[in-house]
Amino acid sequence: MTLQDSAQSGNVLERLTREQRAGLFVWPSLAGPEISREEKQLLTTFKPSGVVLFRRSLKSLAQTRMLCAEIHELTRASHQPHGAVVAIDEEGGRVYRLPPPFPRNEPAASFASEEREDALRSQVMMQAACARASGIDCLLAPVADILTRQDNPAIADRAFSSEAAVVARCANVVAQEISSAGLLSCAKHFPGHGHTATDSHKGFATTDVDKATLSSREWLPFLSLIRDTKIPMIMTAHVVCTALEPALPATLSRHILNDILRAELGFNGLILSDDLRMNAISDHYGVSKKVTAAIVDDGQNSHDVSDDSFLAKASCDALEAGCDILLSCQSIVREETVLNAVMRHVDEKRNQEEWQAKAERIVALLKKRTTHLA
């Protein structure tokens, strides 16, 4: 279904079930390498527009192919005839998801030199080809953060450089090669996670960079990706930028997402939240967690992360701030909390122009993916 079709037939959201309306805005994950009966039921009912997979779900090439095919089949609907977008974080270095026999690749920092641009292209070409052969539709890359604090535990060698021009050049290479392979890409983490002393996976993160510096440094790679590569998605940072919004993480800030990313930088693609289960978000709502989503992916039982009480409000707040897609990345069984909260919220908002625009942006992305698969 094209946006022209949508416009001719009225409000996109009105043609979906209540559950499908919620699923349009939420990308959950799976608990393991096989889809449980309860997960199948929820995928079939809510038809999420995307599913994010982690190492806990990807064990071999054959298993990954079967898993992705099953996800696509379970989530097919009239508005997404090829099913959900299957996405992974695949950066190289310490952030990788592709299972054996695929290799673990070099981190971004190793490609800062202009002489290594061909090596970077080669690595991304291989990552994208392996992902597509496995049934994956989207690589959540490139990292567009600039490493301006060497003690930054969240970014470190995930950043290409401490220089904006180098990051912009390398990030565009990554985005170009992902797109050339027929996959979707997503730049992260706006408005910049490179100047924090703490990791937003683990707790409260803040940056005191002033707006003039953000505009002339942190935002240059994002602006380049928007203008030069037409990046389809940008992911938020759960970082408080005190010069812009002294009390709210960027994911929850309408000023940062709407006034700056949309209006000032001119981005008209999808805005994805980073994982709402990260401790920077739970801490904002006064919920202290002992285990992070990142640790869970390394093998710890997901049920050790016990307190989900903040997620319903965080989900609605992030959507109101300007996010189009919510990432909440444990099993869809645990994300039913998010889906139900979003379902109730969309019931109230679905006739508003802003929410219709959100839905149309997502349908446009699904159409782009359909084109890739044709």
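The values are calculated or read from the model by the stated rules, or taken from the named source; none is laboratory data. Quick caveat, the model's predicted, so the values are computed rather than measured. Cβ placement follows ideal geometry from the backbone for every residue including glycine, while neighbour counts extend to all protein chains displayed.
For region 116-143, which positions are touching a helix residue (DSSP H, G or I) at 6+ places or on another chain (Cβ under 7 Å), in contact (Cβ under 8 Å) with a residue 24 or more places away in the chain and either buried (at least 16 other Cβ atoms within 10 Å of the Cβ) or among the small types (G, A, S) (or both)?
Scanning region 116-143 gives L120, R121, V124, A128, S134, G135, I136, D137, L139, A141, P142, V143.
Residue under question is A263, and the condition is that it be surrounded by 15 or more Cβ atoms within 10 Å (Cβ to Cβ) and not aromatic (F, W, Y); does it hold? Steps first, answer last, please.
Details: surrounded by 15 or more Cβ atoms within 10 Å (Cβ to Cβ): no; not aromatic (F, W, Y): yes.
It is false that A263 is surrounded by 15 or more Cβ atoms within 10 Å (Cβ to Cβ) and not aromatic (F, W, Y).
Report, by residue number, each residue of region 55-91 that is more than 15 Å from W27 (Cβ to Cβ) and among the charged types (D, E, K, R).
Once the filter is applied, which keeps residues that are more than 15 Å from W27 (Cβ to Cβ) and among the charged types (D, E, K, R), region 55-91 yields R55, R56, K59, R65, E70, E73, R76, E90, E91.
Inspect region 194-203 for any residue being crowded, with 24+ Cβ neighbours inside 10 Å and assigned to a helix (DSSP H, G or I) and give the result as yes or no.
no
Regarding L244, is this residue surrounded by fewer than 23 Cβ atoms within 10 Å (Cβ to Cβ), closer than 17 Å to A141 by Cα and in contact with a Pro (Cβ under 8 Å, 6 or more places away or on another chain)? Don't jump to the end; show me each part of the working.
On the way: surrounded by fewer than 23 Cβ atoms within 10 Å (Cβ to Cβ): yes; closer than 17 Å to A141 by Cα: no; in contact with a Pro (Cβ under 8 Å, 6 or more places away or on another chain): yes.
Answer is no for this residue.
List pairs: first residue in region 343-370 and closer than 12 Å to L319 by Cα and assigned to a loop (DSSP other than H, G, I, E, B), second residue modelled with pLDDT of 95 or more and among the acidic types (D, E) anywhere in the structure, Cβ distance under 7 angstrom, at least six positions apart or on different chains.
Partner pairs satisfying both residue conditions: none exist.
If a residue has to be hydrophobic (A, V, I, L, M, F, W, C) and either farther than 26 Å from L139 by Cα or part of a helix (DSSP H, G or I) (or both) to count, how many in region 215-239 make the cut? Quick ask: steps written out before the conclusion?
Residues of region 215-239 that are hydrophobic (A, V, I, L, M, F, W, C), as a first pass: 219-220, 222-223, 225-226, 231, 233-235, 237, 239.
Now restrict to residues that are either farther than 26 Å from L139 by Cα or part of a helix (DSSP H, G or I) (or both): 220, 222-223, 225-226.
Summing the residues that are hydrophobic (A, V, I, L, M, F, W, C) and either farther than 26 Å from L139 by Cα or part of a helix (DSSP H, G or I) (or both) in region 215-239 gives 5.
Table: residues versus (1) in contact with a Leu (Cβ under 6 Å, 6 or more places away or on another chain); (2) in a helix (DSSP H, G or I); (3) under 18 Å from A237 (Cβ atoms); (4) at pLDDT below 95.
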position: E117; (1), (2), (3), (4): no, yes, no, no
position: L120; (1), (2), (3), (4): no, yes, no, no
position: D151; (1), (2), (3), (4): no, no, yes, yes
position: F160; (1), (2), (3), (4): no, no, yes, no
position: R169; (1), (2), (3), (4): no, yes, no, no
position: Q176; (1), (2), (3), (4): no, yes, no, no
position: S179; (1), (2), (3), (4): no, yes, no, no
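Would you mind finding the one in A165, A187, A197 that is over 17 Å from E245 (Cβ atoms) and in contact with a Pro (Cβ under 7 Å, 6 or more places away or on another chain)? Can you show your working first?
Working: A165 fails: in contact with a Pro (Cβ under 7 Å, 6 or more places away or on another chain); A197 fails: in contact with a Pro (Cβ under 7 Å, 6 or more places away or on another chain).
It is A187.
Restricting to region 204-214, and then to whatever is outside any loop (DSSP other than H, G, I, E, B) and of a type outside the set (A, V, I, L, M, F, W, C), can you tell me which residue is farthest from S273 (Cα to Cα)?
Ranking the qualifying residues of region 204-214, first place goes to T213.
Results for (1) of a type outside the set (D, E); (2) under 30 Å from C170 (Cβ atoms); (3) touching a His at 6+ places or on another chain (Cβ under 9 Å), shown as yes or no for each residue.
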| site | (1), (2), (3) |
| --- | --- |
| R15 | yes, no, yes |
| P28 | yes, no, no |
| P48 | yes, no, no |
| V52 | yes, yes, no |
| R56 | yes, yes, no |
| A62 | yes, no, no |
| A69 | yes, no, no |
| R76 | yes, no, yes |
| R94 | yes, yes, no |
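Only residues in region 31-46 that are more than 18 Å from Q20 (Cβ to Cβ) and at pLDDT 95 or above count as the first member; pair them with residues that are assigned to a loop (DSSP other than H, G, I, E, B) and not charged (D, E, K, R), Cβ under 6 angstrom, at least 6 apart or cross-chain, and list the lot.
Short answer, once both residue conditions are applied: E38/V333.
Among A119, A87, which is the only one that is among the hydrophobic types (A, V, I, L, M, F, W, C) and touching a strand residue (DSSP E or B) at 6+ places or on another chain (Cβ under 7 Å)?
Every option except A87 fails the conditions.
Which condition breaks for K230 when tested against (1) surrounded by fewer than 20 Cβ atoms within 10 Å (Cβ to Cβ); (2) under 25 Å from G50 (Cα atoms); (3) in contact with a strand residue (DSSP E or B) (Cβ under 6 Å, 6 or more places away or on another chain)?
(3)
When the residues of region 98-115 are filtered to those that are at pLDDT 95 or above and of a type in the set (D, E, K, R), which remaining residue is surrounded by the most Cβ atoms within 10 Å (Cβ to Cβ)?
E106
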